[in-house]
Amino acid sequence: MRVLENFINGAWVPSSASSQLDVRNPATGEVMARVPLSTREDVATAVKAARAAFPAWRSTPPVARARYLFKFKALLEQHKEEIATLCTREHGKTLAESRNDLGRGIENVEHA
């Protein structure tokens with residue numbers, strides 16, 4: 001069973017948690033993955049990495065920051081159907097509802 005990881009400092013890292021929860025498809029009850037109940041230490045590691053990264057990000061010109069959002073938006077659009085399918089499996093929504101929600105999310109990224 002796949003155990004999800006935390007994204008810290010640009011890399012996926014396993015949690016130090018000993019407790020996990022099932023990620024279930026609400027329509028079928030199928031366990032799709034397990035998510036760790038990350039520890040205080042996991043959170044502290046993520047906060048430390050974010051604090052260390054912030055000065056460089058703060059000094060990054062807005063136009064350069066915007067390029068990351070445009071790239072993110074393009075990736076969301078490129079993988080829209082795959083993401084909508086995952087949302088349907090994880091949240092029990094209809095595929096049309098997941099597509100609409102993702103479309104609103106893409107609009108929010110564009111607005112940002």
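Might you let me know whether the stretch 64-80 holds any residue that is surrounded by 12 or more Cβ atoms within 10 Å (Cβ to Cβ), acidic (Asp, Glu) and on the phi < 0 side of the Ramachandran plot?
yes
Exactly one of (1) under 17 Å from Gly10 (Cβ atoms); (2) out of contact with any strand residue (DSSP E or B) (no Cβ under 8 Å at 6 or more places or on another chain) is unmet by Thr45. Its number?
(2)
Does the stretch 76-93 include one or more residues that are modelled with pLDDT under 95, outside any helix (DSSP H, G or I) and not small (Gly, Ala, Ser)?
Yes, that holds for at least one residue.
What strands (runs of 3 or more DSSP E), lying completely within the stretch 1-67, carry at least 2 residues that are in contact (Cβ under 8 Å) with a residue 40 or more places away in the chain? Before the answer, list the steps.
Working: elements: 6-8, 11-13, 20-24, 31-36.
Where strands (runs of 3 or more DSSP E) fall fully within the stretch 1-67 and carry at least 2 residues being in contact (Cβ under 8 Å) with a residue 40 or more places away in the chain, they are 6-8.
Filter the stretch 22-70 down to residues that are among the polar types (S, T, N, Q) and modelled with pLDDT of 95 or more and give me whichever is farthest from Ala112 (Cα to Cα). Write out each step before concluding.
Narrowing the stretch 22-70 to residues among the polar types (S, T, N, Q): 25, 28, 38-39, 45, 59-60.
Still in the running and modelled with pLDDT of 95 or more: 38-39, 45, 59-60.
Working: Ser38: 29, Thr39: 31, Thr45: 27, Ser59: 18, Thr60: 16 Å.
In this case the residue turns out to be Thr39.
Being more than 19 Å from the chain's Cα centre (by Cα) and closer than 16 Å to Arg89 by Cα is the filter here, so list the residues in the stretch 1-30 that pass it.
Within the stretch 1-30, Pro26, Ala27, Thr28, Gly29, Glu30 meet the criteria.
Please enumerate the residues belonging to the stretch 66-112 that are of a type in the set (A, V, I, L, M) and in contact with a Ser or Thr (Cβ under 6 Å, 6 or more places away or on another chain).
Keep residues of the stretch 66-112 that are of a type in the set (A, V, I, L, M), which gives 66, 69, 74-76, 83-84, 86, 95-96, 102, 106, 109, 112.
Across the stretch 66-112, the qualifying residues are Ala84, Leu95.
Being of a type outside the set (D, E, K, R) and in contact with a Lys or Arg (Cβ under 8 Å, 6 or more places away or on another chain) narrows it down to one residue among Leu21, Leu69; which is it? Let's see the steps before the verdict.
Numbers: Leu69 fails: in contact with a Lys or Arg (Cβ under 8 Å, 6 or more places away or on another chain).
Residue meeting the stated conditions: Leu21.
The values are calculated or read from the model by the stated rules, or taken from the named source; none is laboratory data. Keep in mind the model is a prediction, meaning the values are calculated, not measured. Heads up, the Cβs are rebuilt from the backbone with ideal geometry, glycines too, and the neighbour counts pull from every protein chain shown.
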